[in-house]
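Notes follow once the structure below has been shown.
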């Protein structure tokens with residue numbers, strides 16, 4: 001009788017059945033590993049990488065660096081690289097869950113935002129999986145180490161040194177920044193102004209203008225050209241913005257001003273390799289392959305229980321040498337490098 | 001007494017097996033068994049739980065959509081409504097409102113979104129596919145206008161628990177509980193009440209329905225409002241899962257939601273569909289996504305597969321329904337000689 005009703009009930013039973021299947025198992029990691037106190041050292045490890053976007057060339061370069069370290073270490077050391085397609089913390093959650101289910105030893109994530117995936121990362125930690133971040137951090141209580149590419153405040157210093165080097169210590173220069181409200185850029189500009197006023201080696205240099213490229217390539221190109229025409233004695237421009245530096249370099253090259261006006265700033269070295277090779281452009285950048293390489297060694301150190309995130313702990317990073325954990329559970333890849341004709345080929349990204 | 005009861009149980013079993021729900025159920029079980037054998041980590045309790053949790057917000061939005069599609073309407077703005085409700089929730093919390101107030105505001109926003117869709121689609125009679133495509137963009141756009149690109153964090157702990165915790169001692173995610181509570185209600189309303197029968201009647205033959213005194217626009221309006229409300233609830237759960245109210249919260253979820261409804265055998269022509277089939281479809285999509293995730297498929301790859309499932313389900317449901325209708329009509333013809341068999345597309349009012 002009333003078959004549809006029964007068919008339907010069996011349908012509902014499907015759901016409750018699935019629920020029952022879930023109830024049958026008792027969670028293992030949840031309670032056991034609540035504290036990070038106990039740590040079982042692991043030798044050969046699998047590290048799951050979660051980039052912001054799977055197909056971002058910056059991130060695939062990190063992956064290649066990590067792979068290099070894994071190959072070098074031999075054994076069954078392994079990299080699993082996942083591919084979120086949206087740069088949001090919530091889009092990273094399924095990938096965290098995937099890596100937990102696959103029981104990787106370490107999750108290395110570049111956080112798309114601070115909190116989106118943090119709750120899930122804490123679950124990973126509760127299952128005795130080590131969590132480290134690279135490139136971009138998440139909420140600090142959800143990871144044991146942050147592998148930072150460079151100290152943010154050192155980048156401003158590097159850019160002024162590079163400009164001084166290009167100009168031979170004398171001449172007018174300008175700054176083409178990103179937006180008026182950009183926090184990092186404004187800190188660097190303030191630092192540049194301070195050092196110009198206080199350090200004798202910059203006494204021949206004069207900052208004549210600060211303009212903004214608004215994070216847009218076309219705006220940046222126009223601002224660069226305007227700077228050249230409004231300041232006839234201009235010798236250089238510092239461009240601390242990844243989109244603006246390649247745009248400015250191309251624009252000045254086109255109007256034949258590159259050379260009379262020299263450029264330095266912050267951008268992926270590979271994007272301005274051609275202009276760097278002319279000797280008229282320098283760049284402050286870091287070796288992205290090395291960032292991946294270092295992250296794998298850091299994962300290794302965390303998994304072997306030798307590094308827990310305390311300041312002063314040391315670990316070996318293969319060809320990069322020894323690294324020390326700094327404040328706030330952070331490891332810095334190293335001072336950013338000044339990219340010139342001489343070393344531009346070392347930079348894969 | 002329904003006609004099916006006049007035949008013996010072997011026949012009933014056969015017809016059930018041949019129905020779309022039966023095939024889908026068999027497929028779902030086969031899929032889970034295959035996945036458990038071939039995919040390491042699939043049958044792990046944590047994986048099952050988190051796979052279900054990932055579907056929690058989408059599963060909720062499926063429920064009202066079943067009604068809408070049976071009534072020959074559609075709401076593809078559900079994910080944007082969820083996003084906007086999430087933002088409303090986040091903004092209320094940020095401005096010092098209590099969690100309860102935030103839930104109320106979010107639900108009110110969902111209700112308003114649904115009412116807007118309902119006004120255009122039911123009152124003005126505009127095609128709901130186009131209306132909700134418009135509001136899909138409108139509601140999502142509003143999310144960005146309200147908060148810019150940055151997610152609102154510091155969400156209340158009880159909401160984060162709802163999104164991330166499991167029911168004590170099990171792997172059942174708390175996030176799926178609202179669905180488990182609402183699913184039987186939607187089932188009963190659709191298959192056991194006059195309201196449900198009216199929804200089927202509207203979809204089966206709107207003309208006949210209105211001649212028999214069914215107030216179509218009123219019912220359709222109510223369905224859109226329900227869709228908005230439930231989407232808002234889904235939005236709150238999504239805020240819990242991601243611990244933040246993001247302007248792109250639940251973005252793109254309509255793909256899975258619509259796929260589940262059609263895969264579940266609800267006819268795109270309206271008038272036909274069973275909740276049972278839809279529940280099985282949910283199981284299938286959860287299993288497929290979980291399997292792909294563990295095979296390290298990227299998000300684009302997964303979306304492509306789900307899109308393919310949508311197309312195939314439309315094709316298959318069509319073929320299977322025609323075949324079983326043909327078989328049924330042959331049987332009927334054999335039983336009642338001389339009487340014309342019912343057309344496959346005829347209204348199928350649920351038998352008592």
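The values are calculated or read from the model by the stated rules, or taken from the named source; none is laboratory data. Predicted model only: the values in this text are computed from it and were never measured. Cβ: placed from backbone, ideal geometry, glycine included. Neighbour counts: every protein chain shown.
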*Being in a helix (DSSP H, G or I), in contact with a strand residue (DSSP E or B) (Cβ under 7 Å, 6 or more places away or on another chain), within 12 Å of chain A (Cβ to nearest Cβ) and closer than 30 Å to residue A:117 by Cα, is that true of even one residue in region B:224-245?*
yes
*Could you please find all residues in region B:246-263 being surrounded by 24 or more Cβ atoms within 10 Å (Cβ to Cβ), within 10 Å of another protein chain (Cβ to nearest Cβ) and within 29 Å of residue B:313 (Cβ to Cβ)?*
B:249, B:250
*Looking only at region A:149-189, count how many residues are in contact with a helix residue (DSSP H, G or I) (Cβ under 8 Å, 6 or more places away or on another chain) and either crowded, with 21+ Cβ neighbours inside 10 Å or modelled with pLDDT of 85 or more (or both).*
17
*Would you mind listing the helices (runs of 4 or more DSSP H) fully within region A:227-315 where at least 3 residues are surrounded by fewer than 19 Cβ atoms within 10 Å (Cβ to Cβ)?*
A:244-254, A:273-277
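Look at residue A:71 and say whether it is out of contact with any helix residue (DSSP H, G or I) (no Cβ under 7 Å at 6 or more places or on another chain), away from chain B (no Cβ under 13 Å), at pLDDT 95 or above and surrounded by fewer than 16 Cβ atoms within 10 Å (Cβ to Cβ).
yes
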*asked:* Let me spell it out: the conditions are (1) away from every other protein chain (no Cβ under 14 Å); (2) touching a residue at least 40 places away in the same chain (Cβ under 8 Å); (3) assigned to a helix (DSSP H, G or I), and residue B:92 meets all of them except one. Which number is the exception?
replied: (2)
*Taking the options B:325, B:346, name whichever one is more than 11 Å from every other protein chain (Cβ to nearest Cβ) and modelled with pLDDT under 75.*
B:346
_Among the residues of region B:266-287, are any at pLDDT 95 or above, farther than 26 Å from residue B:189 by Cβ and crowded, with 17+ Cβ neighbours inside 10 Å?_
yes
*Give region B:38-56 a look and list any residue that's in a helix (DSSP H, G or I) and either at the interface with chain A (Cβ under 8 Å from one of its Cβ atoms) or at pLDDT 95 or above (or both), or say none.*
B:45, B:46, B:47, B:48, B:49, B:50, B:51, B:52, B:53, B:54, B:55, B:56
*Is one or more of the residues making up region B:173-183 touching a strand residue (DSSP E or B) at 6+ places or on another chain (Cβ under 6 Å) and modelled with pLDDT of 95 or more?*
yes
*The listed residue being surrounded by 14 or more Cβ atoms within 10 Å (Cβ to Cβ), within 13 Å of another protein chain (Cβ to nearest Cβ) and more than 28 Å from residue B:267 (Cβ to Cβ), out of B:154, B:164*: B:164
_Members of region B:52-79 that are under 16 Å from residue B:284 (Cα atoms) and either surrounded by fewer than 23 Cβ atoms within 10 Å (Cβ to Cβ) or out of contact with any helix residue (DSSP H, G or I) (no Cβ under 8 Å at 6 or more places or on another chain) (or both)_ = B:54
*Conditions (1) within 11 Å of another protein chain (Cβ to nearest Cβ); (2) touching a residue at least 40 places away in the same chain (Cβ under 8 Å); number of the one not met by residue B:188*: (2)
*Could you please give the count of residues in region A:180-197 that are more than 21 Å from residue A:151 (Cα to Cα) and in contact (Cβ under 8 Å) with a residue 24 or more places away in the chain?*
1
*State the number of residues belonging to region A:85-101 that are touching a strand residue (DSSP E or B) at 6+ places or on another chain (Cβ under 7 Å) and at pLDDT below 95.*
1
_Matching residues, region A:120-135, being closer than 12 Å to residue B:164 by Cβ, within 8 Å of another protein chain (Cβ to nearest Cβ) and either free of Cβ contacts under 8 Å to residues at least 12 places away in the same chain or surrounded by fewer than 24 Cβ atoms within 10 Å (Cβ to Cβ) (or both)_ = A:123
*Does region A:316-329 hold any residues that are within 24 Å of residue A:38 (Cβ to Cβ) and surrounded by 15 or more Cβ atoms within 10 Å (Cβ to Cβ), and which are they?*
A:325, A:329
_Just to be sure before I move on: is residue B:121 closer than 23 Å to residue B:261 by Cα, surrounded by 15 or more Cβ atoms within 10 Å (Cβ to Cβ) and either more than 22 Å from the chain's Cα centre (by Cα) or more than 14 Å from chain A (Cβ to nearest Cβ) (or both) in the structure I sent?_
yes
*Working only within region A:95-112, note down all residues that are buried (at least 24 other Cβ atoms within 10 Å of the Cβ) and within 7 Å of chain B (Cβ to nearest Cβ).*
A:97, A:98, A:100, A:101
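Taking the condition of being assigned to a loop (DSSP other than H, G, I, E, B) and at the interface with chain A (Cβ under 9 Å from one of its Cβ atoms), how many residues in region B:271-294 meet it? Quick ask: steps written out before the conclusion?
Within region B:271-294, the first condition is being assigned to a loop (DSSP other than H, G, I, E, B), and the residues that meet it are B:271-274.
Next, from what is left, pick out any that are at the interface with chain A (Cβ under 9 Å from one of its Cβ atoms): B:274.
The total comes to 1.
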